[in-house]
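Student: One structure, as structure tokens, below. Some questions next.
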Amino acid sequence: MANICRFFLAAVFLFSGFIKANDPWGTVYKVQDYLNAWGMFGLSAGTFPNWAGLAFGTLEFCVGVYLLFGIRRWATSVLVLLFMAVMTPLTLWLAVANPVSDCGCFGDAVVLTNWETFFKNVVLLVMVVCLFKWRRFVVRLVTTKVDWLISLYSVIFILFFAIFCYRHLPVFDFRPYHVGADIREGMEVPEGESPSVYETVFTYEKDGKKKDFTLDNLPDDSLWTFVDSRTVLKEKGYEPAIQDFSLVSHEDGTDLTDEVLADSQYVFLLVAPWLEKADDSSMDLINEVYDYSVEYGYRFLCVTASSDEAILTWQENTGAEYSFAIADETVLKTMIRYNPGLMLLKHGVVLQKWSANDLPDEFQLNAPLERLPLGQLNVASMARKVFGAVGSFFGPLLLLTLIDLIWMFFRKKYEKKKTVEQK
């Protein structure tokens, strides 16, 4: 029972930690949601969410490795017990208060409701108690001689992987705007399905008493004063993967959504949720891509949620000549995990995605996109990505472990020989 629980917990912690490291920006956004729900706006606006997200992912991944190999059985079982003892009541509060829509424990790979997360943690807590009670029966997969090597390597691996995904883009993209996704299909409701029905509720106050109204029964009495409004789910139905994708021209306010998605030519979208916080170190490359798009007649559009002042400042600082469009901030953060990032669309299909650190240069953009690999859809299979991720962790680990064992063997042999000579 201890080993069954140990391997199951190892899988959960490894998966959770790896997913957080795979999408560090998504983890940062989720930490910010929690801090804002708790009223900690000062911490949310600083660098604390970045460090907290990195720490959570590293801790969970390393705990999973310890459970998998049976390293430090007593310390690991105590740490996991303390972790679940804190997280279980916390997720109960999340389920009751519902300050955020989902826990984010598995990122966008597996989205759980707050109640599902709580029941999942209850099951995990039972397993952790079993593991803690019978920890002496946990079978070690490695000797104590390589404990330090596995521990050190696990920390280095997950930190480097998180930093890589932080500067570039997630290796595994589980969001509806992944490479190969058809945005138009993601917005459609299949035939025979009914969409969810939402209702706007208005809160008014009169004589110190608050009351909710709908559009059908708004108060006629002028003594009622408006307090707040909210949207509630009236009837659950089919919800498309993409619901709020909308592009509005910054110049004249026209809706560009259908025009961009229906364009049979290539469209470059420079996605920058906040221009005032955007990384401008690659401005020369961005301007080169824009010049390339002008030369070959492709559309180039900067999509942002920033204010008019921020857009004007960006234009002055970077010399941007391209057009701007306004979109929802959450949608932009979902589209690409960097600020700014670049997307290449054709007929509404996502062909390529780049962070500002990976933009194509003039040597790659030396012909029309129709004749370049960049203009073709090339989606790596999930199996190949999983094999590469598993191999990148266990391959070097096995090699280092083998080298360490060989070194210890020859060192022990040398010390034995030296002892004999001294005698």
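Student: Name the residues in segment 196-208 that are part of a loop (DSSP other than H, G, I, E, B) and modelled with pLDDT of 80 or more, would you?
Tutor: Asp207, Gly208
Student: Moving on to the next point. Does Asn121 satisfy being polar (S, T, N, Q) and on the phi > 0 side of the Ramachandran plot? Let's see the steps before the verdict.
Tutor: On the way: polar (S, T, N, Q): yes; on the phi > 0 side of the Ramachandran plot: no.
Answer is no for this residue.
Student: On the basis of being surrounded by 15 or more Cβ atoms within 10 Å (Cβ to Cβ) and over 26 Å from Phe15 (Cβ atoms), does Leu377 make the cut? Let's see the steps before the verdict.
Tutor: On the way: surrounded by 15 or more Cβ atoms within 10 Å (Cβ to Cβ): no; over 26 Å from Phe15 (Cβ atoms): yes.
No, not satisfied.
Student: Provide a single number: the residues in segment 136-170 that are free of Cβ contacts under 8 Å to residues at least 60 places away in the same chain and part of a loop (DSSP other than H, G, I, E, B).
Tutor: 1
Student: Could we say that Lys277 is of a type outside the set (A, V, I, L, M), under 30 Å from Asp23 (Cα atoms) and surrounded by 17 or more Cβ atoms within 10 Å (Cβ to Cβ) here? Spell out the reasoning first.
Tutor: Details: of a type outside the set (A, V, I, L, M): yes; under 30 Å from Asp23 (Cα atoms): yes; surrounded by 17 or more Cβ atoms within 10 Å (Cβ to Cβ): no.
Taking the combined requirement at face value, the residue does not satisfy it.
The rows are residues; the columns are (1) touching a strand residue (DSSP E or B) at 6+ places or on another chain (Cβ under 7 Å); (2) among the polar types (S, T, N, Q); (3) closer than 21 Å to Trp354 by Cβ; (4) in a helix (DSSP H, G or I).
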| position | (1), (2), (3), (4) |
| --- | --- |
| Lys210 | yes, no, no, no |
| Thr231 | yes, yes, no, no |
| Lys234 | yes, no, no, no |
| Asp252 | no, no, no, no |
| Val260 | yes, no, yes, yes |
| Val267 | yes, no, yes, no |
| Glu276 | no, no, no, yes |
| Asn287 | no, yes, yes, yes |
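Residue-wise test of (1) farther than 30 Å from Ile150 by Cβ; (2) buried (at least 18 other Cβ atoms within 10 Å of the Cβ); (3) at pLDDT 90 or above.
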| site | (1), (2), (3) |
| --- | --- |
| Pro340 | yes, yes, yes |
| Lys353 | yes, yes, yes |
| Asp361 | yes, no, no |
| Pro368 | yes, no, yes |
| Gly395 | no, no, no |
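Student: How many residues does segment 135-154 hold that are within 29 Å of Trp25 (Cα to Cα) and surrounded by fewer than 15 Cβ atoms within 10 Å (Cβ to Cβ)?
Tutor: Residues flagged as within 29 Å of Trp25 (Cα to Cα) and surrounded by fewer than 15 Cβ atoms within 10 Å (Cβ to Cβ) within segment 135-154 amount to 1.
Student: Here is a list: Ala95, Ala85. Which entry is among the small types (Gly, Ala, Ser), in contact with a helix residue (DSSP H, G or I) (Cβ under 7 Å, 6 or more places away or on another chain) and not assigned by TED's automatic domain parsing to the domain that holds Leu398? Walk me through it before giving the result.
Tutor: Working: Ala85 fails: in contact with a helix residue (DSSP H, G or I) (Cβ under 7 Å, 6 or more places away or on another chain).
Being among the small types (Gly, Ala, Ser), in contact with a helix residue (DSSP H, G or I) (Cβ under 7 Å, 6 or more places away or on another chain) and not assigned by TED's automatic domain parsing to the domain that holds Leu398 holds for just one of Ala95, Ala85, which is Ala95.
Student: Answer yes or no: is there a residue in segment 415-422 that is of a type outside the set (D, E, K, R) and in contact (Cβ under 8 Å) with a residue 60 or more places away in the chain. Write out each step before concluding.
Tutor: Initial filter on segment 415-422 (of a type outside the set (D, E, K, R)): 419-420, 422.
The next check asks that each one be in contact (Cβ under 8 Å) with a residue 60 or more places away in the chain; those that pass are none.
For segment 415-422, residues of a type outside the set (D, E, K, R) and in contact (Cβ under 8 Å) with a residue 60 or more places away in the chain: absent.
Student: Here is a follow-up. Across segment 380-423, which residue is nearest to Leu14 (Cα to Cα) among those that are of a type in the set (Gly, Ala, Ser) and in a helix (DSSP H, G or I)?
Tutor: So in segment 380-423, the residues of a type in the set (Gly, Ala, Ser) come out as 380-381, 383, 388-389, 391-392, 395.
Filter once more, keeping what is in a helix (DSSP H, G or I): 383, 388-389, 391-392, 395.
Values: Ala383: 18, Gly388: 16, Ala389: 12, Gly391: 15, Ser392: 15, Gly395: 17 Å.
Taking the candidates together, the pick is Ala389.
Student: Also: Looking at Glu239 and the list (1) touching an Asp or Glu at 6+ places or on another chain (Cβ under 7 Å); (2) under 21 Å from Ser194 (Cβ atoms), which single condition is not satisfied?
Tutor: Just one mismatch for Glu239, condition (1).
Student: Quick one: which helices (runs of 4 or more DSSP H) sit completely within segment 1-104 and have at least 2 residues that are crowded, with 22+ Cβ neighbours inside 10 Å and aromatic (Phe, Trp, Tyr)? First the steps, then the outcome.
Tutor: Values: elements: 2-22, 24-37, 41-45, 48-69, 73-97.
Filter on segment 1-104 gives 2-22, 48-69.
The values are calculated or read from the model by the stated rules, or taken from the named source; none is laboratory data. Quick caveat, the model's predicted, so the values are computed rather than measured. We place every Cβ from the backbone using ideal geometry, glycine too, and count neighbours over all the protein chains shown.
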